[in-house]
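Only one structure is covered here, and it is reproduced in the block below.
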Amino acid sequence: MGKFKINKNKPRPSDDKIASHQNFDQLIKSYNQLTDYKKAVKPLYKDKKFLGLVLIILVVFLAIWISENEDNSSETSLKNQKLEKNR
């Protein structure tokens, strides 16, 4: 317990220092910002950045899905053509 230093006779702060920390308007403003629910918690579906990210992911996913389906359909059409030639 030798790590802690306890000042029992701590000097009192000066009146100027006390007055500089008495900014009650800023205190009320910061309190209202913290307790304002609508500003503090914005739903994801109303966030433009999140919606943009979801839209980009959706477009990329659809592009990959469509390209894979086109490859599969061209392969199946080639297989069907080979089967018809063999008959």
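How many of the residues making up the stretch 22-46 are in a loop (DSSP other than H, G, I, E, B) and either in contact with an Asp or Glu (Cβ under 6 Å, 6 or more places away or on another chain) or modelled with pLDDT under 85 (or both)? Number of matching residues: 4.
Considering the stretch 53-87, and only residues there that are exposed (fewer than 10 other Cβ atoms within 10 Å of the Cβ) and of a type in the set (Lys, Arg), the residue that is modelled with the lowest pLDDT turns out to be 87. Screening the candidates 4, 50 for the property of being part of a loop (DSSP other than H, G, I, E, B), among the hydrophobic types (A, V, I, L, M, F, W, C) and modelled with pLDDT of 85 or more yields one hit, 4.
The values are calculated or read from the model by the stated rules, or taken from the named source; none is laboratory data. On a predicted model such as this, the values are computed, not experimentally measured, just so you know. All Cβ positions, even for glycine, are placed from backbone atoms using ideal geometry, and neighbour counts span all protein chains on display.
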